[in-house]
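The values are calculated or read from the model by the stated rules, or taken from the named source; none is laboratory data. The shown structure was predicted, so the numbers you read here are calculated from the model rather than taken from an experiment. All Cβ positions, glycine included, derive from the backbone under ideal geometry; neighbour counts span all protein chains shown.
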Amino acid sequence: MDKVTVQGIIEDYIYAYNIFNVEDMLANMAPDIEFESITNGEVTLEIKGIENFRSQAEAATNYFTKRKQTITSLSIRGNTAEAVIDYEAKLAIDLPNGLKAGDKLELKGKSVFTFEDGKIMRLQDYS
């Protein structure tokens, strides 16, 4: 895949995420997508398969009243792309860690996308 196509797929995914559009988030994912959320070097969530990803993504839409990922840099090498992300969100619910509905989150992280046959085969979110 060429870099312009990879960048377009990633930008489409981020746009869909920001507007809570789960179907468009899934549009360029492989059926056997692997997803990991990694916080402070520890895997906190692991999902395999597009239907499991869909379920988690749909549930997550209820956690926030707004959310926005902004790509601050993007590097593409072969079938892998790394997007450095600024993230901000406003919580819709209270969380077990003490954060309350209405609280604002601001994080920096990165997402690593691995492609196979024109689809996102693996997505790792680091924060």
- Message: Would you confirm, using the coordinates I've provided, whether residue 44 is closer than 18 Å to residue 115 by Cα and of a type outside the set (Gly, Ala, Ser)?
- Response: no
- Message: Please determine whether any residue of the stretch 25-35 is more than 17 Å from residue 122 (Cβ to Cβ) and modelled with pLDDT of 95 or more.
- Response: no
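For the stretch 90-112, what are the residues that are of a type outside the set (Gly, Ala, Ser), surrounded by 12 or more Cβ atoms within 10 Å (Cβ to Cβ) and part of a loop (DSSP other than H, G, I, E, B)?
The initial filter retains those residues of the stretch 90-112 that are of a type outside the set (Gly, Ala, Ser), namely 90-91, 93-97, 99-100, 103-108, 110, 112.
With the extra rule that they be surrounded by 12 or more Cβ atoms within 10 Å (Cβ to Cβ), the set shrinks to 90-91, 93-95, 99, 103, 105, 107, 110, 112.
Across the stretch 90-112, the qualifying residues are 93, 94, 95, 99, 103.
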- Task: Go through the stretch 20-54 and count every residue that is surrounded by fewer than 13 Cβ atoms within 10 Å (Cβ to Cβ) and outside any strand (DSSP E or B).
- Result: 4
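Quick one: would you say residue 64 is of a type in the set (Phe, Trp, Tyr), on the phi > 0 side of the Ramachandran plot and out of contact with any Pro (no Cβ under 8 Å at 6 or more places or on another chain)? Reasoning before the result, please.
Working: of a type in the set (Phe, Trp, Tyr): yes; on the phi > 0 side of the Ramachandran plot: no; out of contact with any Pro (no Cβ under 8 Å at 6 or more places or on another chain): yes.
For residue 64, the condition - of a type in the set (Phe, Trp, Tyr), on the phi > 0 side of the Ramachandran plot and out of contact with any Pro (no Cβ under 8 Å at 6 or more places or on another chain) - is not met.
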- Return yes or no: is residue 83 within 17 Å of residue 126 (Cβ to Cβ), touching a Lys or Arg at 6+ places or on another chain (Cβ under 8 Å) and in contact (Cβ under 8 Å) with a residue 60 or more places away in the chain? yes
- Task: Output the residues belonging to the stretch 8-17 that are surrounded by 16 or more Cβ atoms within 10 Å (Cβ to Cβ) and not small (Gly, Ala, Ser).
- Result: 9, 10, 13, 14, 17
- Item | Within the stretch 55-80, considering residues that are free of Cβ contacts under 8 Å to residues at least 24 places away in the same chain and hydrophobic (A, V, I, L, M, F, W, C), the one surrounded by the fewest Cβ atoms within 10 Å (Cβ to Cβ) | 59
